[in-house]
Amino acid sequence: MAAEQRDEIVDAMRGRLLRGIQAGTLIPGDRLPGSREVAAEFETDYRAAIAAYKALQAEGLVELRPRGGVYIAPRKNGLGGTPPVSESWIADIFSAALNRGIAAPELIELLPRCVETLRLRSVVIADTDDQVHGLCRELRDDFGFEAEGVLSDVTRGAHPAPLAVRRADLLVTVKAHADWVIALGRELQKDVIVIAVRPELRQGEWTMLLRRPVYVVVATVQFGDMLRRFYAEVPGIDNLRIIVFGQDELSSIPDGAPTYITQGVRKQLGAVRVPGRIIPAARTIAADSAREIFTFVVRQNLEVLWKTDR
């Protein structure tokens, strides 16, 4: 159980640190919570937290200073925008492939073909423009889809279904619409994936951000209300400042204040300047949902490869 606890902490802290570094809220030399504080957050023994920090140190993410605490490690040069990666993680990937009879050069050739042989279409069905555009960005950038979005109130009960839905290879939706979208997928003979949101968004990253005022520029009041409900139990929720684009004044955002702009707003901004320090777009799709999406992508591509390679 200790190993499972350590791995849970490592995964959560790794994601938190990488996104903090990317957002600029964490920089090399910043001191991190101590092992006992981390253990209390994860309700585990402090020795599991120490082991987790040691694993992150081995990956080059943190630096453990004897009797001095834990700090963000200096960034190694030469990787450009690539996040720090563990040598052992990469070695594990090649070793696992070799155990299946796939040599390193073959693996390097196979991996792109598993995701790029087909140009797959996905459609996101959700309630607001902010949700739709955010999920479409992730499906394009992280999974390689041609992604389009339709609002749930336009799609539900429509006969025929919107053209984008009928042309899609995959329907993606959120839990609130799972039942009827699954039924729609069955009717149209489409695969459906109901995505879950990464729990770390609530438990870790925004807990750190909301220690001071954070501004979020949204496209709709509805999505702003959804965010307030989502983060309602996070300490510092009073520091969440919702700005509705086109309704509230962007000039109310102080220069240098952490500011998140939803994808729905980014598409409308044009040359409009937003004050504050812009936080990079966050990934919202949970790990289990991401694996489900990648399974679909790889399965579709491999089916074509098997046919063409015969």
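The values are calculated or read from the model by the stated rules, or taken from the named source; none is laboratory data. A quick note: this is a predicted structure, and the numbers were derived from the prediction, not measured. FYI the Cβ positions are ideal-geometry reconstructions off the backbone, even for glycines, and counts take in every protein chain you see. For the accessible areas, the whole protein counts, side chains as well, though only heavy atoms, and no ligand, DNA or RNA atoms are used. Shrake-Rupley method; radii C 1.70, N 1.55, O 1.52, S 1.80 Å.
Brief remarks on what is shown
- Sparse packing (at most 10 other Cβ atoms within 10 Å of the Cβ) combined with a DSSP loop state is found for the following GluC sites (Glu not before Pro) in the stretch 172-235: 233.
- Around residue 223: net Lys/Arg minus Asp/Glu count, Cβ-Cβ under 13 Å: -2
- Using a simple spin-label model with pseudo-atoms 7 Å out from Cα toward Cβ, residue 58 and residue 37 lie 2.5 nm apart.
- Per residue, in Å², the accessible surface of the chain once ligands and nucleic acids are set aside, probe 1.4 Å: 57
- Within-11-Å neighbourhood charge of residue 245 [Cβ basis; K, R +1; D, E -1]: -2
- Heavy-atom accessible area ranking, 1.4 Å probe, most first, across 116, 41: 116, 41
- Helical mean residue ellipticity (222 nm; -39500 (n - 2.57) per DSSP H run of 4+; nearest 500) of the chain: -14500 deg cm²/dmol
- Scalar couplings 3J(HN,Hα) for the stretch 287-300, obtained by applying the Karplus form with A = 6.51, B = -1.76, C = 1.60 to θ = phi - 60°, are 4, 5, 5, 4, 5, 5, 5, 4, 4, 4, 4, 5, 4, 4 Hz; x denotes Gly and Pro.
- Here the stretch 180-290 was treated as a single set of alpha-carbon atoms; its pair distances binned every 5 Å from 0 give 2, 11, 18, 21, 18, 12, 8, 6, 3, 1, 0 percent.
- Estimated vicinal HN-Hα couplings, Hz - the stretch 155-166 in sequence order (Karplus 6.51, -1.76, 1.60; Gly, Pro = x): 8, 5, x, 6, 9, x, 5, x, 4, 4, 5, 5
- Counting only protein heavy atoms and using a 1.4 Å probe, the accessible area of residue 202 comes to about 100 Å².
- Rounded accessible area of residue 132 (nearest 10 Å², 1.4 Å probe): 10
- With 0.36 nm allotted per residue and the present C-alpha distance subtracted, the residue 140-residue 294 stretch has 54.2 nm of extension available.
- Shape of the chain, Cα gyration tensor, a/c cut at 1.5: oblate
- Cleavage-rule hits (trypsin sites (Lys or Arg not before Pro)) in the stretch 84-119: DSSP loop, at most 14 neighbouring Cβ within 10 angstrom: 100, 119
- Solvent accessible area, Å² - residue 245, 1.4 Å probe, full protein context: 50
- Each of 32, 111, 48 was placed along the dipole of the chain (beta-carbon charges, centred on the mean Cα), and the one lying farthest toward the positive end is 32.
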